[in-house]
2 protein chains.
Amino acid sequence: MNISDVAAGTGLPAKTIRYYEDIGLISPARRDNGYRDFSDTDMHNLAFLGRARSLGFSIEECRALLALYADRDRSSAEVRAIAQEHLQRIEAKIAGLVAMRDTLAGLITACHGDARPDCPILADLAAEPVGGATTDPD
Amino acid sequence: MNISDVAAGTGLPAKTIRYYEDIGLISPARRDNGYRDFSDTDMHNLAFLGRARSLGFSIEECRALLALYADRDRSSAEVRAIAQEHLQRIEAKIAGLVAMRDTLAGLITACHGDARPDCPILADLAAEPVGGATTDPD
DNA sequence: CATAAGGATTCCAGTAGATGGAAGGTCAAG
DNA sequence: CTTGACCTTCCATCTACTGGAATCCTTATG
């Protein structure tokens, strides 16, 4: 198969597929004319990579998962550990974003958003470390 | 003030402060010896930037917000628009991550995670477009 | 056979937002 | 004068691609 077939089959851009070869995630055969010649396995692995990436696994995690996938003697515990760690990072990211969202949503609600310059959003961003607490902590 | 004072005062690494100067977010004065000489305003602006960044605003949004902050004739509507747009991107990101998390959490729950190679996580990543439809499309 | 379109190839550069490190100038203390 | 802490610039690196240029290969058509 040519790269465009694989691109169509996996949904990955040809550029990305070449990149994945560059960084050693796949190693498709070459024809005499220099064209890559993808096997069904290559295609399958690329689809695997596409799905893993869409779940947010990093390239290095994808590399590890692909190796485990190829290893018939793997333990499911190894795979689970990678996924678990990734899940925790996602949870952390969600928590961070939710905190951002809540703050931001509060500020947006507080801002009248008209022609006047008065703006709680800027006021908050500009906020000096509050006078009250610093003046009389005890 | 020297850069390390501002770093301590804002919580931003000196490297980041230099970087912000590089990209034109701030332009501190220079002393004869070449050292940057930060004013209170510089410090204030850097703190502003730090807070805006921590709310997830992009550098370009920060630049816009800083300009609006400096503009006494701004309309709060402009600020609100930037924040609103940013909020929507955050919401979208959260939604994407929550979808990832749910899928991943489901797979992790399904995986026994022991010494056996059998693993629903890999099985899902490897999933071919289901056999049923492809075998008999007509 | 010439040619032109459409794929394929490689390689270089750029994206966001820093961060690490090397090489070297400066300053204050002893 | 030396030591060590601080400052400077510049270049490289990170993630995961993506865009574009220049060139080569294939296939169809006149």
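The values are calculated or read from the model by the stated rules, or taken from the named source; none is laboratory data. Predicted model only: the values in this text are computed from it and were never measured. Here the Cβ is made from the backbone with ideal geometry for all residues, glycine too, and neighbour counts use every protein chain on show. For accessibility, only protein heavy atoms count, side chains too; no ligands or nucleic acids. Shrake-Rupley method; radii C 1.70, N 1.55, O 1.52, S 1.80 Å.
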Any chance A:ALA67 is more than 18 Å from B:ASP124 (Cβ to Cβ), more than 9 Å from chain B (Cβ to nearest Cβ) and open to solvent by 40 Å² or more (accessible area, probe 1.4 Å): no
Residue satisfying condition, being facing chain B (nearest Cβ under 7 Å) and either under 29 Å from B:PRO120 (Cβ atoms) or at pLDDT below 95 (or both), within set A:ARG51, A:ARG89, A:ARG101: A:ARG51
Total residues in the stretch B:22-47, condition of a type in the set (Val, Ile, Thr) and over 14 Å from B:MET1 (Cα atoms): 2
Some residue of the stretch A:123-130 being more than 9 Å from chain B (Cβ to nearest Cβ) and not in a helix (DSSP H, G or I): yes
Within the stretch A:2-17, considering residues that are touching a residue at least 12 places away in the same chain (Cβ under 8 Å) and out of contact with any helix residue (DSSP H, G or I) (no Cβ under 7 Å at 6 or more places or on another chain), the one surrounded by the fewest Cβ atoms within 10 Å (Cβ to Cβ): A:ASP5
A:ILE82 being of a type in the set (Val, Ile, Thr) and more than 26 Å from B:LYS93 (Cβ to Cβ): no
Residue selected from the stretch A:26-49 under the condition within 13 Å of DNA strand D (Cβ to nearest atom) and surrounded by 18 or more Cβ atoms within 10 Å (Cβ to Cβ), by the criterion farthest from A:LEU66 (Cα to Cα): A:ARG36
Filter pass, B:ARG72 being at pLDDT below 95, out of contact with any Cys (no Cβ under 7 Å at 6 or more places or on another chain) and among the basic types (Lys, Arg): yes
